[in-house]
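The values are calculated or read from the model by the stated rules, or taken from the named source; none is laboratory data. This is a predicted model, so every value here is computed, not measured. Quick reminder, even Gly has a Cβ in these numbers, built from the backbone with ideal geometry, and neighbours come from all protein chains shown. Remember, those area values only see protein heavy atoms, side chains included, never the ligands or the DNA or RNA. Shrake-Rupley method; radii C 1.70, N 1.55, O 1.52, S 1.80 Å.
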Amino acid sequence: MVLMTGEEYIKSLKRRKKLEVYAFGEEIDDPVEHPLLRPSLYSIVETYEIAHDEKYKDLATAKSHLIGEIINRFTHIHQSVDDLVKKVKLLRVLCQRTGTCVQRCVGWDALNALYITTYEIDAKHGTNYHERFKNYLKYVQQNDLMCAGAMTDVKGDRSLRPYEQKDPDLYVRIVERRDDGIVVRGAKAHTTGAVHSHEIIVLPTRAMTENDRDYAVAFAIPTDTEGVKMIVGRQMGDRRRLEEEWFDLGNYKYGATGHETLTIFDDVFVPWDRVFMCGEVEFAGMVVETFSSYHRQNYGGCKAGMGDVLIGASALAALYNGVPNAPHIREKLVEMVHMNETLYACALACSYEGYKTPSGAYRPEPLLANVCKLNVTRFPYEIARLSHDIAGGLVATMPSEKDLRNEKLGKYIVKYLQANAKYPTEHRMRVFRLIENMTMSTGYLIESLHGAGSPQTQRIMISRLANFKEKMKMAARLVGVPFEE
Ligand code: SF4
Ligand code: FE
């Protein structure tokens with residue numbers, strides 16, 4: 001089963017033992033069938049379907065350096081700069097097709113970060129994490145698994161280190177070391193795609209000190225492991241998914257965003273063959289930094305794909321409003337494209353400047369990856385603002401689909417919300433809903449700001465990597481003064 005189809009993926013999820021998933025204060029019996037989570041499921045399905053699409057096969061699949069077979073690229077360890085570039089292109093295409101987050105990249109980045117880090121831990125400590133991890137990776141590739149990546153701890157008091165917290169469980173930690181494995185406790189926040197994953201890969205969320213030994217832990221477990229509890233996060237408009245009418249969802253098939261969970265590890269047992277870091281505190285920072293570079297690279301691909309959809313929706317809104325060629329509209333659309341392509345350019349740049357690590361895996365150039373993500377914390381907000389400007393206030397005040405379908409009210413809505421007579425009112429309403437959902441929910445904006453790390457984390461990395469000293473020397477040389485600090 002090296003390349004599953006979307007249908008096979010859904011079937012494989014149904015073969016899991018019952019998961020402990022909650023939403024709106026209730027346990028969900030069958031999360032795969034639940035309408036609240038269905039759009040998120042369909043967007044992940046696209047990551048499977050695209051691997052069978054002749055047009056995109058080259059982007060969506062790769063030859064595994066471990067099992068020698070053609071695998072879904074979402075389980076691949078990057079073997080070249082070309083692989084890094086293809087990753088960005090694949091994400092752009094997938095997000096153009098879905099208009100939302102496809103959720104499979106966090107696990108993918110976790111796999112690559114662990115591949116690199118386990119190699120380095122072994123080189124220093126003579127451990128066998130890398131071999132262990134490669135065996136796990138073969139299993140993931142062979143079975144084309146969807147892996148969630150759980151990184152961000154709930155963190156408690158932000159001024160305190162993990163071991164300093166009043167409650168010791170505010171970062172995931174080892175509570176017991178046994179002959180056959182470890183027992184872990186804690187919770188990870190905003191785990192993307194968790195409910196529809198086969199596996200959860202857990203990584204530390206920050207650099208650690210000697211005293212944080214129990215917190216320097218990385219491992220992988222199936223989502224149906226005993227003691228794992230997932231509470232699905234609320235999103236704007238999520239109740240709309242439970243209604244009969246569907247176009248008020250905007251992006252009715254794939255949703256405005258994926259899903260995130262608060263993932264609780266309530267004394268969960270992890271066998272040794274699935275433990276990839278266990279107390280090597282000096283490598284916690286490395287795995288975080290490596291993961292972050294990968295995920296910050298992605299955002300110039302995925303957010304550019306979503307940006308394409310939003311720019312398209314804004315141009316359609318202008319057409320339906322009757323002003324497609326007004327100079328100020330064209331100007332705004334061009335501005336949107338400029339920002340959107342800047343994001344993509346940054347993602348490509350850090351990929352082309354990527355390099356080989358001692359493990360053999362390639363990683364993107366970190367300064368450019370951080371610049372990419374910092375731009376993503378800004379430009380989508382500006383693109384969204386322009387989409388509101390172009391479309392107009394109806395994006396926020398329009399009656400519901402139910403009103404449109406109402407026998408008594410429908411004719412008034414059709415009559416009074418008609419603009420360019422060439423196009424039906426309903427088409428205009430659908431596009432406005434798409435703009436509303438993309439720009440007032442988690443997937444495009446909040447995700448752009450806080451996904452892959454909040455802006456401050458990129459500023460810290462940029463300040464570390466910028467090499468200000470070199471720049472000062474350049475200036476000093478040109479003005480003929482010695483450089484002294
Ligand atoms: Fe992938 Fe982008 Fe979603 Fe992250 S936000 S999982 S990179 S599509
Ligand atoms: Fe993300």
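Suppose we keep only residues that are of a type in the set (Asp, Glu) and out of contact with any Gly (no Cβ under 9 Å at 6 or more places or on another chain) within the range 108-126. Which one would you say is nearest to ligand 1 (Cβ to nearest atom)?
Filtering the range 108-126 for residues that are of a type in the set (Asp, Glu) and out of contact with any Gly (no Cβ under 9 Å at 6 or more places or on another chain), the one nearest to ligand 1 (Cβ to nearest atom) comes out as GLU120.
Here LEU310, LEU333, LEU316 are screened, and the one residue that is in a helix (DSSP H, G or I), under 22 Å from LEU394 (Cβ atoms) and within 16 Å of ligand 1 (Cβ to nearest atom) is LEU310. Screening TYR42 on (1) in contact with a Lys or Arg (Cβ under 7 Å, 6 or more places away or on another chain); (2) open to solvent by 40 Å² or more (accessible area, probe 1.4 Å); (3) within 30 Å of GLU289 (Cβ to Cβ) shows it passes everything except condition (3). Listed by first and then second residue, the pairs with beta-carbon distance under 7 Å, at least 6 apart or on different chains, first residue in the range 377-398 and open to solvent by less than 50 Å² (accessible area, probe 1.4 Å), second aromatic (Phe, Trp, Tyr), are PRO380/TYR444; ALA384/TYR444; ALA391/PHE432; LEU394/PHE432; VAL395/PHE432; MET398/PHE432.
From the list THR439, THR457, the one residue that fits, being touching a residue at least 60 places away in the same chain (Cβ under 8 Å), buried (at least 16 other Cβ atoms within 10 Å of the Cβ) and more than 16 Å from ligand 2 (Cβ to nearest atom), is THR439. Looking at the structure I just gave you, is HIS65 away from ligand 2 (no atom under 16 Å from the Cβ) and in contact with a Leu (Cβ under 6 Å, 6 or more places away or on another chain)? So HIS65 does not fit the description; no. Working carefully through the options ASN251, ASN340, ASN321, find the one that is over 19 Å from the mean Cα position of the chain (by Cα) and closer than 25 Å to ASP389 by Cα. Checking each option against the conditions leaves just ASN321. The set of residues in the range 125-145 being among the charged types (D, E, K, R) and without any contact (Cβ under 8 Å) to a residue 40 or more places away in the chain consists of GLU131 alone. For the range 104-127, the set of residues classified as within 16 Å of ligand 2 (Cβ to nearest atom) and either surrounded by fewer than 24 Cβ atoms within 10 Å (Cβ to Cβ) or in a helix (DSSP H, G or I) (or both) consists of CYS105, VAL106, GLY107, TRP108, ASP109, ALA110, LEU111, ASN112, ALA113, listed by residue number.
Using the structure shown, decide if ALA189 is within 19 Å of GLY443 (Cβ to Cβ), within 16 Å of ligand 1 (Cβ to nearest atom) and either surrounded by fewer than 17 Cβ atoms within 10 Å (Cβ to Cβ) or without any contact (Cβ under 8 Å) to a residue 24 or more places away in the chain (or both). So ALA189 fits the description; yes. Annotation: of all residues in the range 128-149 being outside any helix (DSSP H, G or I) and open to solvent by less than 20 Å² (accessible area, probe 1.4 Å), the one that is nearest to ASP212 (Cα to Cα) is GLY149.
A count restricted to the range 271-303 and to residues that are more than 14 Å from ligand 2 (Cβ to nearest atom), crowded, with 20+ Cβ neighbours inside 10 Å and either hydrophobic (A, V, I, L, M, F, W, C) or not in a helix (DSSP H, G or I) (or both) stands at 9.
Quickly run through the range 249-270 and pick out the residues that are more than 18 Å from ARG104 (Cα to Cα) and open to solvent by 10 Å² or more (accessible area, probe 1.4 Å). Residues satisfying the conditions are LEU249, GLY250, ASN251, TYR252, ILE264, ASP266, ASP267, PHE269. Within the range 150-172, the residues that satisfy the criterion of being open to solvent by 10 Å² or more (accessible area, probe 1.4 Å) and of a type in the set (Gly, Ala, Ser) are GLY156, SER159.
Could you tell me which of the residues LYS17, LYS89 is out of contact with any helix residue (DSSP H, G or I) (no Cβ under 7 Å at 6 or more places or on another chain), outside the structural domain of GLY307 (by TED's automatic domain parsing) and open to solvent by 50 Å² or more (accessible area, probe 1.4 Å)?
Exactly one of LYS17, LYS89 is out of contact with any helix residue (DSSP H, G or I) (no Cβ under 7 Å at 6 or more places or on another chain), outside the structural domain of GLY307 (by TED's automatic domain parsing) and open to solvent by 50 Å² or more (accessible area, probe 1.4 Å), namely LYS17.
Would you confirm whether or not the range 294-304 contains a residue that is among the aliphatic types (A, V, I, L, M), modelled with pLDDT of 95 or more and farther than 19 Å from ARG97 by Cα? So far as the range 294-304 goes, no, none of its residues is among the aliphatic types (A, V, I, L, M), modelled with pLDDT of 95 or more and farther than 19 Å from ARG97 by Cα.
Collect the residues in the range 51-82 that are among the charged types (D, E, K, R) and more than 16 Å from ligand 1 (Cβ to nearest atom), keeping them in residue-number order. First the steps, then the outcome.
Within the range 51-82, the first condition is being among the charged types (D, E, K, R), and the residues that meet it are 53-55, 57-58, 63, 69, 73, 82.
Scanning the range 51-82 gives ASP53, GLU54, LYS55, LYS57, ASP58, LYS63, GLU69, ASP82.
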